[in-house]
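*Asks:* Supplied in structure tokens, the structure appears directly below.
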Amino acid sequence: MTTSAAPGRKFFGLVSAVGRFGFQKLRYGRSIAGQIGSMWDLLRRTVWFCVRPVGGFRKLKRQLFPLMSNVGVRSWPIVSLVSMLIGLILVLQTGHVMKRYGQIQEVPGLVALSMCRELGPLMTCILLTARVGASFTAVLGSMKINEEVLALETMAINPIGYLVSPRLLSMVFMVPCLTVFSYLVGLIGGAIASYLVYDISGAVFVEKTVFYLSMTDVVSGLGKSLVFGVLITIVCCYYGLKTEGGSMGLGRNTMVAVVTAIVVIVAADMLMTAFFTNYLLPYA
């Protein structure tokens, strides 16, 4: 009797474990879907307040310019440093392979296409996620914990229009500008490495860059950076406005916001690359 009951208990135990696992995953999936819906609603309301700003455009301008300085001017040194290093790395990684096949003069084209299509916008926005997105989450989270957001609501000031909309506009204006600087500095780094390592002159580098690069490549990279900037703002502000639990909750939400934003922009980069490759770049 005991022998025949043991397999039954194991079977029902396995079914129970599978059921609990499936229920947990279902609940986790519903949580993710709920967060995506909340972020979409935040984006919709933020865009509305960008068109109809709280307090009028004069008050929005007073908030916008300091944020643009923080996003653009103060981020420029680190973006330039990383972009130049990426240009150097691209030449060093591709040069010895191209030299093996006698095509070393084509290295500038590879650097230009890699920087403008992919690495320029992606690395710029990853750096902005770490520097600017984390600050968005930390500032809004601190305001939420200290009940400053509640105070705005008490004064009949919409927190989304007052706090999130200026941050979205600052990212929309400044991220494409930083991406253009990333293009230029990365190409300068590539030109320096090409001259020092493979004796490719600056004139040849510019000639090959112009030959390979089209305006479609530049515009596709700028379009990516614009979408990435919107995603960074919405994700980081969302986690900032839902912060709870004091300093521990603030640290946890800042970490989650940065990680989530990086994952989201990499996923968006994959989707946009597939779209541009299939529908836009073949005709360039």
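The values are calculated or read from the model by the stated rules, or taken from the named source; none is laboratory data. A quick note: this is a predicted structure, and the numbers were derived from the prediction, not measured. Using ideal geometry, Cβ is built from the backbone for each residue, glycine included, and neighbour counts are taken over all protein chains shown.
*Asks:* Within the stretch 239-258, can you find the residues that are of a type outside the set (Gly, Ala, Ser) and surrounded by 23 or more Cβ atoms within 10 Å (Cβ to Cβ)?
*Replies:* If the condition is that a residue be of a type outside the set (Gly, Ala, Ser) and surrounded by 23 or more Cβ atoms within 10 Å (Cβ to Cβ), then Tyr239, Thr243, Asn253 are the ones that fit.
*Asks:* With respect to Ile86, determine if the residue is surrounded by 14 or more Cβ atoms within 10 Å (Cβ to Cβ), out of contact with any strand residue (DSSP E or B) (no Cβ under 9 Å at 6 or more places or on another chain) and at pLDDT 85 or above.
*Replies:* yes
*Asks:* Could I ask something else about it? Failed condition for Phe205, given (1) buried (at least 23 other Cβ atoms within 10 Å of the Cβ); (2) at pLDDT 90 or above; (3) not β-branched (Val, Ile, Thr), with all others met?
*Replies:* Only one criterion in (1) buried (at least 23 other Cβ atoms within 10 Å of the Cβ); (2) at pLDDT 90 or above; (3) not β-branched (Val, Ile, Thr) is unmet by Phe205, namely (2).
*Asks:* Count, please, the residues in the stretch 84-130 that happen to be without any contact (Cβ under 8 Å) to a residue 12 or more places away in the chain and closer than 19 Å to Val210 by Cβ.
*Replies:* Total satisfying the criteria: 1.
*Asks:* Among the candidates Ala257, Ala274, which residue alone is farther than 28 Å from Met143 by Cβ and assigned to a helix (DSSP H, G or I)?
*Replies:* Being farther than 28 Å from Met143 by Cβ and assigned to a helix (DSSP H, G or I) holds for just one of Ala257, Ala274, which is Ala274.
*Asks:* Would you check if there is a residue in the stretch 67-88 being within 21 Å of Ile192 (Cα to Cα) and more than 21 Å from the chain's Cα centre (by Cα)?
*Replies:* yes
*Asks:* Of all residues in the stretch 259-271 being of a type outside the set (Ser, Thr, Tyr) and out of contact with any Leu (no Cβ under 8 Å at 6 or more places or on another chain), which is surrounded by the most Cβ atoms within 10 Å (Cβ to Cβ)?
*Replies:* Within the stretch 259-271, the match that is surrounded by the most Cβ atoms within 10 Å (Cβ to Cβ) is Ile262.
*Asks:* Please find, among Val227, Val235, Val264, the residue that is out of contact with any Ser or Thr (no Cβ under 9 Å at 6 or more places or on another chain), in a helix (DSSP H, G or I) and under 21 Å from Gly34 (Cβ atoms).
*Replies:* Val264
*Asks:* If a residue has to be crowded, with 24+ Cβ neighbours inside 10 Å and touching a residue at least 60 places away in the same chain (Cβ under 8 Å) to count, how many in the stretch 171-182 make the cut?
*Replies:* Final tally of qualifying residues: 4.
*Asks:* For the subset of the stretch 196-224 comprising residues that are of a type outside the set (D, E, K, R) and not in a helix (DSSP H, G or I), which member is nearest to Gln105 (Cα to Cα)? Explain how you work it out, then say what you get.
*Replies:* Step one: list which residues in the stretch 196-224 are of a type outside the set (D, E, K, R), which gives 196-198, 200-206, 209-216, 218-223.
This time we only want the ones that are not in a helix (DSSP H, G or I), so: 200-201, 213-214.
Numbers: Ile200: 7, Ser201: 10, Leu213: 15, Ser214: 18 Å.
Among residues in the stretch 196-224 that are of a type outside the set (D, E, K, R) and not in a helix (DSSP H, G or I), the one nearest to Gln105 (Cα to Cα) is Ile200.
*Asks:* Which members of the stretch 113-149 meet the condition of being more than 16 Å from the chain's Cα centre (by Cα) and either at positive phi or among the charged types (D, E, K, R) (or both)?
*Replies:* Passing the criteria: Lys144, Glu147, Glu148.
*Asks:* Could you count how many residues in the stretch 31-77 are surrounded by 15 or more Cβ atoms within 10 Å (Cβ to Cβ), hydroxyl-bearing (Ser, Thr, Tyr) and in a helix (DSSP H, G or I)?
*Replies:* Summing the residues that are surrounded by 15 or more Cβ atoms within 10 Å (Cβ to Cβ), hydroxyl-bearing (Ser, Thr, Tyr) and in a helix (DSSP H, G or I) in the stretch 31-77 gives 1.
*Asks:* Go through (1) touching a residue at least 12 places away in the same chain (Cβ under 8 Å); (2) more than 17 Å from Thr233 (Cα to Cα); (3) in a helix (DSSP H, G or I) one by one and return the number of the condition Ile157 breaks.
*Replies:* (3)
*Asks:* Going through the stretch 122-151 one residue at a time, which ones are farther than 15 Å from Val263 by Cα and buried (at least 24 other Cβ atoms within 10 Å of the Cβ)?
*Replies:* Across the stretch 122-151, the qualifying residues are Val132, Phe136, Thr137, Leu140, Gly141.
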